[in-house]
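Report on the structure given below.
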Amino acid sequence: MKKRYFAVSVIFTMIMLCLTACASGDNDTIKIGSIHPLTGSMAYEGQAMVNSQKIAIDKINSEGGINGRKLELVVKDSMGTSSGAANAALKLANDGVIALTGTYTSSSAQVVSRMAEKTKIPFVVTVASSDSLLKNGYKYTFRIQPSVSVFSKNFLDYLKFVKTDDMKTVAFIYENSNYGAGIAEYISDHIDETGLEIVGMLSYAATTSTLSSEVTKLAALNPDLLVPIGYYSDQSLLMKEILERDIHFNTILGCANGAFSDAKFLDAYGNQVDGIYDINYRYNPNSSETDYLLKTYLEEYGVDIPVHAIYGYESIMVVADALRRADTDDANSVRDALAAADIKEHILPQGDIVFDESGENINSAGVLVRIEDAKHVIVYPEEYADK
Amino acid sequence: MSIQFVQTLVDGIMMGGVYALAALGLSLIFGVLKITNFAHGAMMTIGMYSVYVISTYYGVNPYLALPVSILMLFLIGYLVQRFLIQRIEHAPAHNQLLLTLGLAYIFENLLLIIFTPNYKSLQVEGMEKAIKIGGLTIAPAKIIAFGVVIVVTVLVYLFLYKSSLGLKVRAAAQNDDGALLMGIRVKEIRGIAFGIGAVCTGIAGSLLVPVMSIYPTLGEVFQLKCFVIAVLGGMGNLWGALISGIIIGLVESVSGYALGGSWSELLIYAVFILILVFKPTGLFGRGNRRDK
């Protein structure tokens with residue numbers, strides 16, 4: 001029995017030591033909470049987001065912090081689930097963060113948004129594209145990235161740069177959640193504006209292990225324009241099947257495609273994917289801050305930054321900007337400062353970052369990217385073209 | 001029948017074969033140990049990463065990495081059984097189940113720590129393009145996968161029914177006390193059975209490396225599918241698992257073609273529920289005899 005008590009007390013002591021070690025943050029730091037999936041099927045995306053947030057925090061701290069005080073990122077794993085995100089938000093609120101950031105998925109963002117409203121801590125969305133997120137009349141939620149409807153409107157708008165005279169038919173292949181189906185349905189509702197005829201709407205579950213039958217069907221439909229919308233692994237699988245079978249589509253134009261705009265996609269397929277377009281997030285290639293982020297990310301993490309992760313970096317910059325302008329460093333004044341934000345220096349391909357009543361970044365926009373010689377090239381808007 | 005439909009059937013059978021092999025391992029472990037191994041998907045992912053690592057770091061063809069992967073999975077399976085599951089063999093079934101579930105999380109998170117959550121993919125030289133036969137196109141990786149699946153299934157069959165060790169495994173599965181009285185070292189036999197089950201799923205995973213991008217939690221996608229297939233074929237039934245795997249592959253691909261991919265998951269689990277309700281021993285199962 002004695003032996004067992006000993007073992008238990010050793011384990012207990014170790015846990016306590018570990019906890020105190022982890023919790024021994026400087027009291028004088030300003031804490032910002034980060035809620036992202038760090039385990040589960042979206043761990044890649046979530047981890048990248050946190051990585052880029054850390055780069056932003058380090059940059060601000062190395063430049064002297066905010067009014068002499070350092071920033072501290074408190075990271076919690078949402079596991080990609082709503083309940084995980086809710087737990088994380090609760091812990092962070094108790095931990096005294098002045099702002100929450102997150103969450104990569106719309107379902108988690110909804111939950112955190114509600115918690116933010118209740119605890120009166122501002123929530124800056126890194127990535128979560130659902131339109132309904134900002135339709136609750138909440139005062140504490142702010143979103144920098146383009147929503148589903150912004151991406152869809154960008155698509156209808158930018159299509160003219162891709163469309164040729166002989167382009168008549170279009171088919172969509174999209175993952176069936178809020179994001180993929182949301183964009184596909186929005187565009188198909190407005191397809192009359194484009195003069196194209198829809199010949200196929202193919203949806204699939206993002207966790208699928210094969211897309212063979214979908215590719216067979218697409219080959220038979222042979223649309224002039226193929227619009228794929230999905231996450232990295234499923235869209236990469238789609239492209240693999242298309243390339244393997246030598247199926248040629250006249251034009252491929254992704255919309256917020258998790259694979260097409262990712263540097264890894266180019267590593268995997270090289271010149272085989274030249275000519276593919278994507279309307280997606282992107283950094284502003286002409287900003288010197290962008291160079292810093294790209295370089296630092298590659299140095300610290302050994303891979304190119306995935307495009308969605310720029311919103312991790314920018315979310316911290318937006319909170320820091322609000323902190324500099326806020327009267328005091330309590331969460332409420334940070335919220336008011338966020339609502340009054342007008343940020344001119346940033347890394348996004350858009351005008352100033354300004355939030356409207358609902359918390360939406362009114363100038364948010366995607367860009368049209370084309371893969372040329374295994375590189376991403378911005379085609380439109382021209383002021384961000386990096387040719 | 002249009003050529004597209006034939007293509008869909010062929011794709012379904014090919015992919016179904018891989019599912020079958022993964023499910024075979026699960027079925028075998030259940031047949032011998034009466035345990036549902038929830039770490040099965042994670043073991044599959046370990047198989048994938050072992051092939052990925054060997055093939056990228058030593059620059060060898062991923063298929064040549066297969067033997068190392070097999071050895072590793074056998075050891076993992078054997079050790080898990082001997083040192084963890086064996087210790088709680090008399091505990092209630094749900095405790096054993098929770099143990100394997102806990103293992104799944106440990107394996108997944110280890111993979112996350114070691115390999116980061118980044119997607120990894122392999123291009124096998126000379127296999128980038130599909131082979132064209134008639135109007136059909138089939139990826140070489142899938143043809144190889146299907147061939148290996150058949151060979152492995154036959155080998156497992158020969159082992160179980162034609163070797164003396166296999167006889168012991170079956171004896172331990174039917175009546176462990178009786179087997180023990182006959183001088184069979186039941187604990188060791190169970191370790192071996194678990195090891196072989198793990199190897200089956202590991203091979204299935206390895207075969208998928210040239211087909212898809214891998215990431216640490218990919219096994220979750222296959223875990224439930226394997227479970228459906230093993231139940232459909234009758235838990236512990238070797239050929240049942242093979243045929244059910246192909247059936248599920250076909251359901252997935254035909255429904256994907258005819259109705260759209262969102263339907264395939266729905267239909268797979270609808271089939272699963274129907275089987276559970278109306279024929280719980282599976283399509284071919286006498287079930288496992290000991291329970292009667």
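The values are calculated or read from the model by the stated rules, or taken from the named source; none is laboratory data. Since the model is a prediction, treat every value here as computed from it, not as a measurement. Neighbour counts run over all protein chains shown; Cβ positions are idealised from the backbone, glycine included. Areas reflect the complete protein model, heavy atoms only, side chains present, ligands, DNA and RNA absent. Shrake-Rupley method; radii C 1.70, N 1.55, O 1.52, S 1.80 Å.
Structure data summary
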| read-out | value |
| --- | --- |
| Within straight-line cross-link reach of residue A:163, lysines at Cα separation under 19 Å, skipping those fewer than 8 residues along the same chain | A:153 |
| Cβ charges +1 (Lys, Arg) and -1 (Asp, Glu), total dipole of the stretch A:186-282, debye | 260 debye |
| Whole-Hz couplings from phi, Karplus 6.51/-1.76/1.60, listed for the stretch A:227-235; x for Gly and Pro | 10, x, 9, x, 8, 4, 5, 6, 6 |
| Selection from B:55, B:223, B:235, by position along the positive dipole direction of the protein assembly as shown (Cβ) | B:235 |
| Where the Cα pairs of the protein assembly as shown fall when distances are cut into 20 Å bins, in % | 17, 46, 31, 5, 0 |
| In nm, spacing of pseudo-spin labels at residue A:94 and residue A:292 (7 Å Cα→C-beta vector) | 3.7 nm |
| The stretch A:304-344: relative contact order as a whole-number percent, Cα under 8 Å and 6+ apart | 33 percent |
| Inter-centroid distance (Cα atoms) of the stretch B:87-157 relative to the stretch A:308-341, Å | 45 Å |
| Computed E for residue B:124/residue B:278 - FRET, C-beta separation, R0 56 angstrom, nearest 0.05 | 0.85 |
| Theoretical ellipticity at 222 nm over the protein assembly as shown - DSSP helices of four or more residues, -39500 (n - 2.57) apiece, nearest 500 | -18000 deg cm²/dmol |
| Residues residue B:60 and residue A:345, FRET efficiency given R0 of 60 Å [Cβ-Cβ distance, rounded to 0.05] | 0.75 |
| Charge dipole of the stretch B:125-250 about the Cα centre (unit charges at C-beta), most positive-ward option of B:161, B:143, B:198 | B:161 |
| Rounded tilt (10° steps) of A:148-158 against the dominant C-alpha axis of chain A | 40 degrees |
| Charged-residue dipole, Cβ positions (Lys, Arg, Asp, Glu), chain A about Cα centre, Debye nearest 20 | 1760 debye |
| Using alpha-carbon coordinates, inclination of helix A:82-94 to the longest axis of chain A, degrees | 40 degrees |
| Kirkwood Rh in Å, taken over all unlike Cα pairs in chain B | 19.4 Å |
| Approximate spin-label separation residue B:91-residue B:258, in nm, with each point projected 7 Å along Cα-to-Cβ | 4.5 nm |
| Selection from A:196, B:152, A:167 lying farthest towards where the dipole of the protein assembly as shown points positive, charges on Cβ | B:152 |
| Check: the protein assembly as shown dipole with +1 on Lys, Arg Cβ and -1 on Asp, Glu Cβ, in debye | 3860 debye |
| Chain A, relative contact order in percent, only Cα pairs under 8 angstrom and at least six apart counted | 17 percent |
| At R0 = 30 Å, FRET efficiency that the Cβ-Cβ distance of residue A:373 and residue B:68 yields, to 0.05 | 0.20 |
| Spatially proximal aspartates and glutamates relative to residue A:139 (Cα-Cα < 12 Å; intrachain offsets below 8 disregarded) | A:117, A:336, A:356, A:357, A:360 |
| Computed over the stretch B:108-238, the ratio Rg/Rh where both radii use C-alpha atoms and Rh is Kirkwood | 1.07 |
| Accessible area that becomes buried as B packs against A, both chains, 1.4 Å probe, Å², nearest 100 | 3100 Å² |
| Cβ-based net charge around residue A:358, under 10 Å, with every Lys or Arg adding one and every Asp or Glu removing one | 0 |
| Eligible lysines near residue B:132 by straight Cα distance, threshold 20 Å, same-chain separation 8 or greater | A:217, A:240, B:142 |
| Principal-axis tilt of helix A:43-62 within chain A, Cα atoms, nearest 10 degrees | 60 degrees |
| Difference of contour (0.36 nm per residue) and Cα-Cα distance, residue A:329 to residue A:190 | 45.5 nm |
| Kyte-Doolittle mean at least -0.5, axial Cα span of 20 Å or more - DSSP H helices of chain B | B:3-33, B:40-57, B:66-80, B:93-115, B:140-162, B:186-208, B:219-233, B:238-258, B:261-278 |
| Solvent-accessible heavy-atom area per residue, rounded to whole Å², over the protein assembly as shown at 1.4 Å | 41 Å² |
| Pairs beyond 20 Å (Cα-Cα), from A:91/A:135; B:129/B:225; B:120/B:225; A:31/A:59 | A:91/A:135; B:129/B:225; B:120/B:225 |
| For chain A, built as a Gaussian network whose Cα springs stay under 10 Å, the top-fluctuating residue of A:370, A:324, A:282 | A:324 |
| Gained length - residue A:222 relative to residue A:300, 0.36 nm times residue gap less alpha-carbon distance | 23.7 nm |
